[in-house]
Amino acid sequence: MRVHELMSTPFVAELICDRCGTQARHDEGDGLNNFLQLGFDAGWGSPLGDGTRVDIDLCHSCLKETLGPWLRLSTSAWALAPKG
């Protein structure tokens, strides 16, 4: 026998670009597909500060505008998969 209960789980419903302020909601248009969410802990001796937590949300337009020349772009595996 299975006993089910409903459980509320928080999730990211909206992202706002930290650079330009563009907003995207998970349930509208392209959803959150055109955003980069980056987060990491800086290591010891980092110019960002020892043990500093770094987080940033960028729309793809700002990502391309700020880091474009250094981005290595290639076709994703899912885009190469046979359709049908």
Inset, instruction - Would you check which residues across region 52-62 are of a type outside the set (D, E) and touching a residue at least 40 places away in the same chain (Cβ under 8 Å) and list them? - result: L58, C59, S61, C62
Legend entry - All positions within region 26-42 that are surrounded by fewer than 14 Cβ atoms within 10 Å (Cβ to Cβ) and within 17 Å of I56 (Cα to Cα): N33, Q37, L38, G39, F40, D41
Inset, instruction - Give the residues of region 29-51 that are closer than 22 Å to V12 by Cβ and either free of Cβ contacts under 8 Å to residues at least 12 places away in the same chain or polar (S, T, N, Q) (or both), sorted by residue number. - result: G29, D30, G31, N33, N34, Q37
Inset, instruction - Search region 50-84 for residues being charged (D, E, K, R) and within 24 Å of C17 (Cα to Cα), and hand back the single one that is surrounded by the fewest Cβ atoms within 10 Å (Cβ to Cβ). - result: R72
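I'm checking my understanding of the structure. Among residues of region 16-25 that are part of a loop (DSSP other than H, G, I, E, B) and either at positive phi or not basic (K, R) (or both), which one is surrounded by the fewest Cβ atoms within 10 Å (Cβ to Cβ)? Give the steps one after another, and end with the answer.
We begin by selecting, within region 16-25, every residue part of a loop (DSSP other than H, G, I, E, B); these are 17-22.
Filter again for either at positive phi or not basic (K, R) (or both), leaving 17-18, 20-22.
Values: C17: 20, D18: 14, C20: 12, G21: 9, T22: 17.
Once the filter is applied, the top-ranked residue is G21.
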Inset, instruction - Examine region 46-64 for a residue that is modelled with pLDDT of 95 or more, in contact with a helix residue (DSSP H, G or I) (Cβ under 7 Å, 6 or more places away or on another chain) and part of a strand (DSSP E or B), and state whether such a residue exists. - result: no
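The values are calculated or read from the model by the stated rules, or taken from the named source; none is laboratory data. Only a predicted model underlies this, so the values are computations on that prediction, with no experimental measurement involved. Here Cβ is always computed from backbone atoms with ideal geometry, including for glycine, and neighbour counts include all displayed protein chains.
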